[in-house]
Amino acid sequence: MFKQAKQFSVTLLMLVILTLANNGLAHALTYQITVDTSSLYGTTGFLDLQLNPGNLNAPAAQALINGFSTDGTLGAVSLGNSWGNYSGTLPGAVTLVNSALTDYDQAITYGNTLTFNVTFSGAFLTASCSGSCIDSAFILSLFDGNYASLLSNDQLNGSLVTFQLPPGGGETYTNFGSPASVAGVAAVPLPPAFYLFMSGLGLILWVKRGSMPSSTLFRIG
């Protein structure tokens, strides 16, 4: 009876670990975006980042922008043109949440290049849509001092790069300007899921070790 209970515990723990591996460890999506701004060198304008829900039924999504670098000069956040659920200030980490129409807008004097990482996370990665819902969208735009779009061939919104974030994952992006490039970055395990994963694995090894004969545990050679 005790042996059967141990076997059940091992099976249950393995299912938990597999769930964590599928739903926790691999569900942070990181991309590096690089924009060649050399044709704008020395001019001033605005860097604009948006994360917007498609509608009220859109599952929660978050965009973390970090690793920002440019040889240009960042100015102040344009509070009159920024709204919604955001926190932080570039070149530090900035977080956007799609609980509302969210727009982060910051002045910049363009250099030759700018680059940053964006990591998407949230319930949208595994959620199914009940009723009708529209994908959330992350949008990068560059503007001049009069908010005319730059380097973009998007005639509708003037965006440079747009990511669609549908329920259940499977994100896609559209590059609306050749000066911009997008590259995937290897996923890094999320800390809470990683610790749970390692704890579960250690517990399995402990249970398995306890079920082994002592002659096997201490056999050498």
Fill in the blank from the handout: Expected sort for 34-47, 75-88 on mean C-beta neighbours within 10 Å, highest first, is 34-47, 75-88
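If you place +1 on the Cβ of every Lys and Arg, -1 on the Cβ of every Asp and Glu, and leave all else neutral, what size is the dipole of the range 28-186 about its Cα centre, to the nearest 20 Debye? Working shown, then result.
On the way: 0 positive and 9 negative charges, 45 e Å.
Approximately 220 debye in magnitude.
Could you work out the mean projected area of the convex hull around the alpha carbons of the range 28-186, in square nanometres to one decimal?
8.6 nm²
Laboratory data are not the source of any read-out in this text; all were calculated from the coordinates shown. Quick caveat: nothing in here was measured; it's all calculated off a predicted structure. Note that each Cβ is placed from the backbone with ideal geometry, even for glycine, and that neighbours are counted across all protein chains shown.
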